[in-house]
Amino acid sequence: MRRYGLIGYPLAQSFSKKYFDEKFEKEGLTDCRFDNFPIASIDELLPEVLNAYPDLCGLAVTIPYKQQVLPFLHSTANIPEGLTACNCIKIISGKLHGYNTDYIGFEKSFTPFLQPHHTRALVLGNGGATAAVIYVLKKLNIGYDIVSRRIHDQSTLTYSDIDKKVMEEHTIIINTTPLGMFPANDSCPAIPYEFITERHFLYDLVYNPAKTLFLQQGEKRGATIKNGADMLILQAEENWRIWNH
């Protein structure tokens, strides 16, 4: 039996288990299993997951542990320099080897929609998924500001700082927060949507629902919109490649 899993909290609306269960069935992989491990603290990783399931070959990592898991890794050599988050772990002889496949999924799903005037981005939120987004923006030479409720870490703006001028200067808006995720479908980041135009590109890492209130607000004003579904599929397949090669 080859066992894989996902750590995070909570995991009620997890994409990964459904995706891999269907993948295993479709491809006839009867010796593979994927489990959810909804651990309330990262300190439960060893006793509740690794010690309890010695047959684990790999783990996906989601909110809120993409950064908290870093001290538990035996190797971060495969995480690109400057990217301080891990969403994929390959387990070899009990050793945890960290990877980041979020940035691969984000880059491949994000870049096809870019236009020449998309030169600066507002990144809403500053959690584990934000690291992958920032890594890609730097790679593409796209300027950015990180928005949070208060200035901390790398954030440069608060939501109250966002006005018409800021919206005009930032024609890309990327939501990395869980706002709008099922079942809280009626929530969205507190930005002045009235200043969105057809020149804007709104990308939401949330994928359930497929069209969040954030994306709906952009769509009705003519903006290009994209959810995180493709990003998830791309990073999941990259996880699978890493776990098995």
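The values are calculated or read from the model by the stated rules, or taken from the named source; none is laboratory data. What you are looking at is a predicted structure, and each value in this text was computed from that prediction instead of being measured. As a convention, Cβ positions derive from the backbone with ideal geometry for all residues, glycine included, and neighbour counts pool all protein chains shown.
What number of residues in the range 14-32 are of a type outside the set (Lys, Arg) and buried (at least 16 other Cβ atoms within 10 Å of the Cβ)?
Residues in the range 14-32 being of a type outside the set (Lys, Arg) and buried (at least 16 other Cβ atoms within 10 Å of the Cβ): 7 in total.
Do you know which residues across the range 202-211 are touching a residue at least 24 places away in the same chain (Cβ under 8 Å) and either closer than 23 Å to THR101 by Cβ or among the hydrophobic types (A, V, I, L, M, F, W, C) (or both)?
Answer for the range 202-211, where residues must be touching a residue at least 24 places away in the same chain (Cβ under 8 Å) and either closer than 23 Å to THR101 by Cβ or among the hydrophobic types (A, V, I, L, M, F, W, C) (or both): LEU202, TYR203, ASP204, LEU205, VAL206, TYR207, ASN208.
Given the residues SER148, SER160, SER155, which is the only one that is over 21 Å from ASN227 (Cβ atoms) and crowded, with 19+ Cβ neighbours inside 10 Å?
From the options SER148, SER160, SER155, the qualifying one is SER148.
Scan ARG221, ARG199 and give me the residue that is surrounded by fewer than 22 Cβ atoms within 10 Å (Cβ to Cβ) and touching a residue at least 60 places away in the same chain (Cβ under 8 Å).
Exactly one residue qualifies, and that residue is ARG199.
Could you grab me the full set of residues in the range 14-32 that are in contact with a helix residue (DSSP H, G or I) (Cβ under 8 Å, 6 or more places away or on another chain) and either more than 24 Å from PRO64 (Cβ to Cβ) or in a strand (DSSP E or B) (or both)?
Those that are in contact with a helix residue (DSSP H, G or I) (Cβ under 8 Å, 6 or more places away or on another chain) and either more than 24 Å from PRO64 (Cβ to Cβ) or in a strand (DSSP E or B) (or both): LYS23, LEU29, THR30, CYS32.
So the check is Cβ under 9 Å with 6+ separation or different chains; which pairs have a first residue in the range 159-174 that's assigned by TED's automatic domain parsing to the domain that holds LEU215 and under 18 Å from THR111 (Cβ atoms) and a second one that's among the basic types (Lys, Arg) and not in a helix (DSSP H, G or I)?
Short answer, once both residue conditions are applied: HIS170/ARG120; THR171/ARG120; THR171/ARG199; ILE172/ARG120.
Of the residues LEU59, LEU11, LEU83, which single one is touching a Pro at 6+ places or on another chain (Cβ under 8 Å), surrounded by 16 or more Cβ atoms within 10 Å (Cβ to Cβ) and either in the same structural domain as GLY128 (by TED's automatic domain parsing) or not in a helix (DSSP H, G or I) (or both)?
Checking each option against the conditions leaves just LEU11.
Okay, residues lined up against (1) under 25 Å from ILE79 (Cβ atoms); (2) among the polar types (S, T, N, Q):
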| site | (1), (2) |
| --- | --- |
| ALA129 | yes, no |
| ALA132 | yes, no |
| ASN141 | yes, yes |
| ILE151 | no, no |
| SER155 | yes, yes |
| VAL166 | no, no |
| HIS170 | no, no |
| ILE174 | yes, no |
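When the residues of the range 33-56 are filtered to those that are of a type in the set (S, T, N, Q) and either part of a helix (DSSP H, G or I) or under 24 Å from the mean Cα position of the chain (by Cα) (or both), which remaining residue is farthest from GLY5 (Cα to Cα)?
Selected residue: SER41.
Kindly indicate whether GLY5 is modelled with pLDDT of 95 or more, in a strand (DSSP E or B) and over 16 Å from the mean Cα position of the chain (by Cα).
It is true that GLY5 is modelled with pLDDT of 95 or more, in a strand (DSSP E or B) and over 16 Å from the mean Cα position of the chain (by Cα).
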